[in-house]
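J.: The structure that follows is given in the form of structure tokens.
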There are 2 protein chains.
Amino acid sequence: MPRREAKVAAIVDSAWKLAREHGIAGVSLHALAREVGMRQPSLYAYFDSKLALYDAMFADGNRRLIQQLDLVKLPRDPRAALKKFFAEFVAFALEDPARYELLFERHIPGFTPSPTSYVLAEEVLARAYKVINEVGITKQGDIDCIVAMVAGLMEAQLSNDPGGNRWIRHLNRLVDLYVDDALERSRQS
Amino acid sequence: MPRREAKVAAIVDSAWKLAREHGIAGVSLHALAREVGMRQPSLYAYFDSKLALYDAMFADGNRRLIQQLDLVKLPRDPRAALKKFFAEFVAFALEDPARYELLFERHIPGFTPSPTSYVLAEEVLARAYKVINEVGITKQGDIDCIVAMVAGLMEAQLSNDPGGNRWIRHLNRLVDLYVDDALERSRQS
DNA sequence: GTCTATACATCGATAGAC
DNA sequence: GTCTATCGATGTATAGAC
């Protein structure tokens, strides 16, 4: 890795550290520069603007998520694979709420992922769709529902009891409940 | 209503207007003062701080929600009543996303509702619990699940398609699915 | 590439006259 | 209660020397 790219990576890492400490919106360029041992204007040698920094973080977060999803060995059984996929996704979110906030919520005014960063987000989405499809769920409405249910459990867990499992422990049961119903409905039609 | 309280109410109303335009975090005292035809420091005759303004908005929002929930005539059938209650709640949220953000999410750094404002939020919660209990769901885990599911649908609707019904149209079906399952489980034990 | 210095804006909050 | 004036902090971004 060239020295410049290594530096960029180090800056992004420090930015994540600040985001974990003060929230994703609480990352300031002054604090970031201090964290990496530079002065604030020097950051502009690596990022054109603060939104460009967020964009690099967005891409980095999605890349890490893809990598983490790649590492997990999914069971052959589609249902078990779906549960494992969701569990991995949830673990990724709970591991770093600020990262989840940047990747999946829209709390930074003016920030929109650049096209090249967004393809990474679409890659994540594509993998989710694949594992959902393979369990036999193909209708858009059913996919929307199951994704929204999982997100609902995850957000409740994140905002009310991060680190616990009060909501997340129901994940597999809810997935079974919905998938059984969806398959039954498609069998009948 | 005394003149002073009328003025406070007018300021809060204008604050909601700004929140709808620029997000709940985007409300500034300068803009708010301009909106009500005053200078920024004059606002301090009505609110001790910006957080005190947010607290007044929080109380106001909950009061409006309670009022809206009071107006709706719930069917005698508990299941139908539950659906109607959720529908009303969702309508309230979709009607003003910024208001939902202040009342039910924690996006304002440093803001915590005062005790007197928080009792209003608890009143809302108590009404939700009542209508859920009356359908036969009493275990905390089941309540958590159904609330998280509804919230998941609502947040997906809010952030991806406000004004539409792509997610919300599945609300009643999901409620039936979960309630049927919960009742079946409690029947068996 | 990194620095110093600074521009420029926004914001919440206070002082004190009227 | 409302105003003018201003403080003080924070923040992004730019200019220009080295």
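J.: Across the stretch A:158-167, which residue is farthest from the other protein chains (Cβ to nearest Cβ) among those that are touching a helix residue (DSSP H, G or I) at 6+ places or on another chain (Cβ under 8 Å) and outside any helix (DSSP H, G or I)?
T.: Only one residue tops the list, namely A:Gly163.
J.: To continue, here is another question. Residues to consider are A:Ala59, A:Ala19, A:Ala6, A:Ala33; find the one that is crowded, with 17+ Cβ neighbours inside 10 Å, within 13 Å of DNA strand C (Cβ to nearest atom) and of a type in the set (A, V, I, L, M).
T.: A:Ala33
J.: So, one more: I'd like the full set of residues that are of a type in the set (A, V, I, L, M, F, W, C) and either without any contact (Cβ under 8 Å) to a residue 60 or more places away in the chain or touching a Phe, Trp or Tyr at 6+ places or on another chain (Cβ under 9 Å) (or both), limited to the stretch B:60-92.
T.: B:Leu65, B:Leu69, B:Leu71, B:Val72, B:Leu74, B:Ala80, B:Ala81, B:Phe85, B:Ala91, B:Phe92
Rundown of residues vs (1) more than 15 Å from DNA strand D (Cβ to nearest atom); (2) of a type in the set (A, V, I, L, M); (3) within 14 Å of chain B (Cβ to nearest Cβ); (4) not in a helix (DSSP H, G or I), yes/no style:
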site	(1), (2), (3), (4)
A:Glu5	yes, no, no, no
A:Ala25	no, yes, yes, no
A:Leu32	no, yes, no, no
A:Phe86	yes, no, yes, no
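J.: OK, next. Just wondering, is there one or more residues in the stretch B:46-67 that are of a type in the set (A, V, I, L, M, F, W, C) and part of a loop (DSSP other than H, G, I, E, B)?
T.: There is at least one residue in the stretch B:46-67 that is of a type in the set (A, V, I, L, M, F, W, C) and part of a loop (DSSP other than H, G, I, E, B).
J.: Could you please find all residues in the stretch A:13-32 being hydrophobic (A, V, I, L, M, F, W, C) and within 18 Å of A:Ala93 (Cα to Cα)?
T.: Result: A:Ala15, A:Trp16, A:Leu18, A:Ala19, A:Ile24, A:Ala25.
J.: How many residues are more than 14 Å from every other protein chain (Cβ to nearest Cβ) and either assigned to a loop (DSSP other than H, G, I, E, B) or touching a residue at least 40 places away in the same chain (Cβ under 8 Å) (or both) when one looks only at the stretch B:12-23?
T.: 4
J.: Another question about this same structure. Checking A:Ala45 against (1) within 16 Å of DNA strand D (Cβ to nearest atom); (2) of a type in the set (A, V, I, L, M, F, W, C); (3) surrounded by 15 or more Cβ atoms within 10 Å (Cβ to Cβ), which test does it fail?
T.: Failing condition for A:Ala45: (3).
J.: While we're looking at this one, here's another question. In a loop (DSSP other than H, G, I, E, B) and either within 11 Å of chain B (Cβ to nearest Cβ) or buried (at least 20 other Cβ atoms within 10 Å of the Cβ) (or both): does that describe A:His170?
T.: Judged against the criteria, A:His170 is not a match.
J.: Also: If I ask for residues that are within 14 Å of chain A (Cβ to nearest Cβ), touching a helix residue (DSSP H, G or I) at 6+ places or on another chain (Cβ under 7 Å) and part of a loop (DSSP other than H, G, I, E, B), which ones from the stretch B:110-142 would you list?
T.: Across the stretch B:110-142, the qualifying residues are B:Gly110, B:Phe111, B:Ile137.
J.: Inside the stretch B:143-157, can you point out the residues that are buried (at least 19 other Cβ atoms within 10 Å of the Cβ) and either more than 9 Å from chain A (Cβ to nearest Cβ) or assigned to a loop (DSSP other than H, G, I, E, B) (or both)?
T.: Within the stretch B:143-157, just B:Ile146 meets the criteria.
J.: Oh, and also: Evaluate the following for B:Ser189: is it modelled with pLDDT under 95 and more than 13 Å from chain A (Cβ to nearest Cβ)?
T.: yes
J.: Being of a type outside the set (S, T, N, Q) and in a helix (DSSP H, G or I): is that true of B:Leu74 here?
T.: no
J.: Can I ask one more? More than 16 Å from DNA strand D (Cβ to nearest atom), surrounded by fewer than 19 Cβ atoms within 10 Å (Cβ to Cβ) and in contact (Cβ under 8 Å) with a residue 40 or more places away in the chain: does that describe B:Thr112?
T.: Here the answer is no, as B:Thr112 does not meet what is asked.
The values are calculated or read from the model by the stated rules, or taken from the named source; none is laboratory data. A quick note: this is a predicted structure, and the numbers were derived from the prediction, not measured. Note that each Cβ is placed from the backbone with ideal geometry, even for glycine, and that neighbours are counted across all protein chains shown.
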